Every structure is written in C-alpha cells, then in structure tokens.
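The values are calculated or read from the model by the stated rules, or taken from the named source; none is laboratory data. If you're wondering where the values come from, they're calculated on a predicted model, not measured in any experiment. Backbone-built Cβ (ideal geometry, glycine too); neighbour counts: all protein chains shown.
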Amino acid sequence: MRNTPAVAERLQAVRVRIARAARAAGREPGSIALLAVSKRQSVAAIEAARAAGQRAFGENYLQEALDKMDALPDFDGEWHFIGRLQSNKTRPVAERFDWVHTVDRGKLARRLSEQRPAGLAPLNICIQVNIDDDPAKAGCAPGEAAALVAQIRDLPRLRLRGLMCIPQADRDPAPAFAALAELGRELALDTLSMGMSGDLEAAVTAGSTLLRVGTAIFGPRD
Ligand SMILES: *Cc1c(COP(=O)(O)O)cnc(C)c1O
C-alpha cells in the first residue's frame, strides 16, 4: 500500500488540471471522463486509484491486462482496451473488457461483435483514426472512418461511441485534436478519446470527452 497516498494525490492533481482546463474552455468539467492508463503499473496502484474514486482503467497489453483482472476478482470498475489489437487476439478482449478504443478495421469489429458474450452489455467501441497520417501509428485514415462507422453500427454486439487518436509525439497536438473533433462532428459522434498526461489541456480545449492519462496519475512506468 506504499502507493496509496501518492496515487490519490496525483489523481486529485489531475482532476484539478481537468477542471481548470474545462473552465478555461467554457466547458462543464463533468462532461469530461478520465481513463486511468495503468499499463506497466502494479495491481496495488490500480487498487489505490480505485479506492480514490477512479472508476475506468485502460490497458495496452492483453496478457498483462488479463493477469491484473485475475488478480482483482472483486474489481467493480470498467476496463478499457487501448492497445494494438491483433485479429487473432480479439476473443479475450470481447469477453473481458467494457470498451475498446483501438478498432481501425472492419475485420476487428466483426470478430469483436461475434465474440462478445450474449450475457454482457454490447461492447463500447471507439474508432482509432490516424489523424495526422503518421506512418508509425495504427488507425484508419480519416477518409475511411465513415465507412467503418456504418459497418460498426450494423454489428449487433457492439455500441459505437466515438473516435480516438494519438497525435505524433514530437509536435503541437492541437491541430490533430481539432481535426478529430471536426471529424466527430461530421460523423455525429459525441465521444472523443484524446489527450494524455502531457497534453490533456490542449485536448480539453479541442473538445475531448475522454482523457487517457497514465504517468500523471501513477508516476513513471516500470
Ligand atoms: C500509454 C498511453 C496513454 C497514457 O500516456 P501517459 O503519457 O502516460 O499519460 C494514453 N493513451 C494510449 C493509447 C497509451 O498507450
């Protein structure tokens, strides 16, 4: 439990940053959800954040995520998958997560829908868009998003929520955030998963509704 005070304090500081950025942008702080990105952080750190009121947790690496879920059988929050997803690894994601932020092709969407157990609520989906055409990054091209929206809407076990992006690290993220927000308006989608520890203010200014924050909550990763 060594992590408890540190995580709770950092979480509070992140909430203050979000509230300030929201007010500066004329937005309601309550309209912006916070996803705690717990990749390469301990189970104890997740428990500390949960105890401090954090509900939604994001994981990138499937096996690591499944091990943490197994170590937290009474966990009553939400699990979001935010990593690269191979199409032969969709089943455990469909069975154990509440959200997937990184759907960028129809094949992934079809498999997730087929594999989502009937007893669970539909799986919440964000389409990852390679908004700044970064060759190193996953995501569909902006021009492909409309077709993927239509495909996902036809799948019975998925619930399309919105768009997600990861801007290139070495430049001002504001244009990428603005472009994703514009695409979201064109497609009439109201969830925008964008903004991390270093750029959450810029993301809130551009209209983010779901921030994915890791190190600012948990400290450096292992
Ligand atoms: C790791 C990660 C984050 C969190 O990054 P921080 O800089 O630690 O806040 C957010 N989104 C994705 C997709 C990530 O992989």
Subject >> Single unsatisfied condition, residue 15 versus (1) more than 29 Å from residue 113 (Cα to Cα); (2) exposed (fewer than 15 other Cβ atoms within 10 Å of the Cβ) >> reply: (2)
Subject >> Flag if residue 82 is within 12 Å of the ligand (Cβ to nearest atom), in contact (Cβ under 8 Å) with a residue 60 or more places away in the chain and closer than 14 Å to residue 212 by Cβ >> reply: yes
Original post:
If you scan segment 18-39, which residues turn out to be exposed (fewer than 15 other Cβ atoms within 10 Å of the Cβ) and either among the basic types (Lys, Arg) or under 15 Å from residue 215 (Cβ atoms) (or both)?
Top reply: 20, 23
Original post:
What is the residue count in segment 35-85 for residues that are among the hydroxyl-bearing types (Ser, Thr, Tyr) and within 17 Å of the chain's Cα centre (by Cα)?
Top reply: 2
Subject >> Lone unmet requirement of (1) of a type in the set (A, V, I, L, M); (2) touching a residue at least 40 places away in the same chain (Cβ under 8 Å); (3) out of contact with any His (no Cβ under 7 Å at 6 or more places or on another chain) for residue 118 >> reply: (2)
Subject >> Qualifying strands (runs of 3 or more DSSP E) (wholly inside segment 115-222; at least 1 residues being within 14 Å of the ligand (Cβ to nearest atom), modelled with pLDDT of 95 or more and within 24 Å of residue 23 (Cβ to Cβ)) >> reply: 191-193, 210-213
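Can you go through 186, 201 and tell me which one is acidic (Asp, Glu), surrounded by fewer than 21 Cβ atoms within 10 Å (Cβ to Cβ) and over 21 Å from residue 141 (Cβ atoms)? First the steps, then the outcome.
Details: 186 fails: over 21 Å from residue 141 (Cβ atoms).
It is 201.
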**OP:** Would you confirm whether any residue within segment 29-44 is without any contact (Cβ under 8 Å) to a residue 24 or more places away in the chain and either in contact with a helix residue (DSSP H, G or I) (Cβ under 9 Å, 6 or more places away or on another chain) or of a type outside the set (Ser, Thr, Tyr) (or both)?
**Re:** yes
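If you check 109, 52, 65, 71, which single one turns out to be away from the ligand (no atom under 15 Å from the Cβ), touching a residue at least 12 places away in the same chain (Cβ under 8 Å) and crowded, with 19+ Cβ neighbours inside 10 Å? If you could, list the steps in order and put the result at the bottom.
Values: 52 fails: crowded, with 19+ Cβ neighbours inside 10 Å; 65 fails: away from the ligand (no atom under 15 Å from the Cβ); 71 fails: crowded, with 19+ Cβ neighbours inside 10 Å.
Unique residue meeting the criteria: 109.
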Original post:
Taking residue 153 and the conditions (1) in contact with a Cys (Cβ under 6 Å, 6 or more places away or on another chain); (2) among the basic types (Lys, Arg); (3) without any contact (Cβ under 8 Å) to a residue 12 or more places away in the chain, which numbered condition does it fall short on, given that it satisfies the others?
Top reply: (1)
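Is it true that some residue in segment 170-180 is within 16 Å of the chain's Cα centre (by Cα) and over 30 Å from residue 47 (Cα atoms)?
If we filter segment 170-180 for residues that are within 16 Å of the chain's Cα centre (by Cα), which is where we start, we get 177, 180.
Next, from what is left, pick out any that are over 30 Å from residue 47 (Cα atoms): 177, 180.
Yes, segment 170-180 contains a residue that is within 16 Å of the chain's Cα centre (by Cα) and over 30 Å from residue 47 (Cα atoms).
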